[in-house]
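*Asks:* So that we are looking at the same thing, I have put the structure below in structure tokens.
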Amino acid sequence: MICFFVGTGLVMTPNQANTLGNLPPYFYASGSAIMTTLQQIGGVIGSALFVSFTTSKELVTSKI
């Protein structure tokens, strides 16, 4: 799990810097807001899917 967090940090920071660096200066605020919003939405969807898959596996194995 620690490797995942370290890997995410090593990937997301250059990704954000590269993406925002390609924007014109007057779009920095909007680009940062959109990127942060998409990260939050992705985190919510990922967490929901993880919980759904974990719960469904427990329900299937408990019926056996």
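*Asks:* Six or more apart or on different chains, Cβ under 7 Å: which pairs go from a residue in region 1-25 that's closer than 12 Å to Met35 by Cα and modelled with pLDDT of 80 or more to one that's of a type in the set (Phe, Trp, Tyr) and surrounded by 10 or more Cβ atoms within 10 Å (Cβ to Cβ)? Could you list them?
*Replies:* Leu20/Tyr28
*Asks:* Give all pairs with beta carbons closer than 7 Å in which a residue from region 26-42 that is closer than 15 Å to Thr13 by Cα meets a residue that is among the aliphatic types (A, V, I, L, M); count only pairs at least 6 apart in sequence or on separate chains.
*Replies:* As it stands, the answer is Gly31/Leu20; Gly31/Leu23; Ser32/Leu20, since those pairs meet every condition given.
*Asks:* Follow-up question, since we're still on this one. If I go through region 22-31 residue by residue, how many of them are in a helix (DSSP H, G or I) and either among the hydrophobic types (A, V, I, L, M, F, W, C) or surrounded by 10 or more Cβ atoms within 10 Å (Cβ to Cβ) (or both)?
*Replies:* Adding up the residues that qualify gives 5.
The values are calculated or read from the model by the stated rules, or taken from the named source; none is laboratory data. In this text, all values refer to a predicted model and were calculated from it rather than measured experimentally. Cβ atoms come from the backbone with ideal geometry, glycine included; neighbour counts cover every protein chain shown.
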